[in-house]
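This report refers to the structure that appears directly beneath it.
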C-alpha cells in the first residue's frame with residue numbers, strides 16, 4: 001500500500017509539472033460553460049447572420065437543448081482531450097527504463113497499474129462532474145424551465161462510458177510501448193462497438209448506449225432494461241480490463 005501511495009503521489013506531481021491538470025480543467029470548464037451559452041444565443045446569432053429577406057423559423061431553446069450540447073461536446077471534445085493528454089501514460093517510463101529501477105527497488109507491478117488507473121479515473125471524475133456542475137448552473141440561470149429532475153441518470157451513463165474508455169486506454173498502455181497506440185486502441189474499441197451495434201442481440205447489451213441515449217433518457221426522465229444491461233456490461237468489462245492489465249503487466253518485459 002505504501003508503494004501504491006508513493007507512486008501515485010509521484011504521478012500527481014508529474015502531471016502538475018506538465019500542466020495536464022490545468023489543461024484538463026480549462027477544457028472541461030469551457031465545455032461546461034459553452035453548452036448552455038451556445039443553446040441560448042445560437043438562434044440570436046443565426047438571425048443576425050441571415051439576410052432580412054430570408055425567414056428562419058426556430059423554436060425557443062429549452063434546458064434540454066443545453067444538455068444536448070453538453071452531451072455532444074463531452075463526447076466530441078472533452079473525452080478526446082482527456083484521452084490525448086493521457087495516452088502516453090506509460091510510454092515515457094518505457095522509454096526511460098525507469099520502471100525497471102522502480103520494480104528492482106521493491107515497487108510491485110500491481111501498484112504501478114493501479115496508481116496509473118486511479119489517476120485516470122480520478123481526473124475524469126473530477127473534470128467531468130465539474131463540467132456538468134458548470135453546465136447545470138448556467139442552464140438554471142438562462143432557462144426558466146430548467147429542472148434537475150431525471151438529470152442524474154443520463155449524466156451518470158456518460159460518466160460510466162468514460163470510465164470504460166479509460167480502462168481500454170490503460171490496457172492499451174500496458175500492451176504497447178508507444179504513446180499513440182493506446183489511443184488507437186480506444187478508437188478501435190469504439191469503432192467495433194458501433195459496428196457490433198447493428199446486431200440486435202449485441203445492441204441490447206452494448207455499452208455504447210451509455211454515450212448515445214443520454215438525451216432520450218433525459219427527456220423520458222427514466223432508464224429502461226436495455227440501459228441497465230449496458231451499464232452492467234460496462235462495469236463488468238471495465239473491472240475485467242483493469243484486472244487483465246495487471247496480469248499482463250506482471251508478465252511483461254519492461255527492460
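Of note:
- As a summary of the residue check, residue 103 satisfies the conditions (1) more than 16 Å from the chain's Cα centre (by Cα); (2) buried (at least 17 other Cβ atoms within 10 Å of the Cβ) except for the one numbered (2).
- Of all residues in the range 217-233, those being within 30 Å of residue 146 (Cα to Cα) and in contact (Cβ under 8 Å) with a residue 24 or more places away in the chain number 11.
- Among the numbered conditions (1) under 21 Å from residue 156 (Cβ atoms); (2) over 20 Å from the mean Cα position of the chain (by Cα); (3) surrounded by fewer than 17 Cβ atoms within 10 Å (Cβ to Cβ), the only one that residue 223 does not meet is (3).
- Restricting 83, 119, 90 to residues that are crowded, with 19+ Cβ neighbours inside 10 Å, in contact (Cβ under 8 Å) with a residue 60 or more places away in the chain, touching a helix residue (DSSP H, G or I) at 6+ places or on another chain (Cβ under 7 Å) and under 22 Å from residue 208 (Cα atoms) narrows the list to 83.
- The residue of the range 11-32 that is surrounded by the most Cβ atoms within 10 Å (Cβ to Cβ), among those that are farther than 16 Å from residue 132 by Cβ and in contact (Cβ under 8 Å) with a residue 40 or more places away in the chain, is 15.
Computed from the coordinates by the stated procedures, all read-outs in this text should not be read as laboratory data. This one's a predicted model, so the numbers in the text were calculated from it and none came from an experiment. Reconstructed Cβ throughout: ideal geometry from the backbone, glycine too, with neighbour counts over all protein chains shown.
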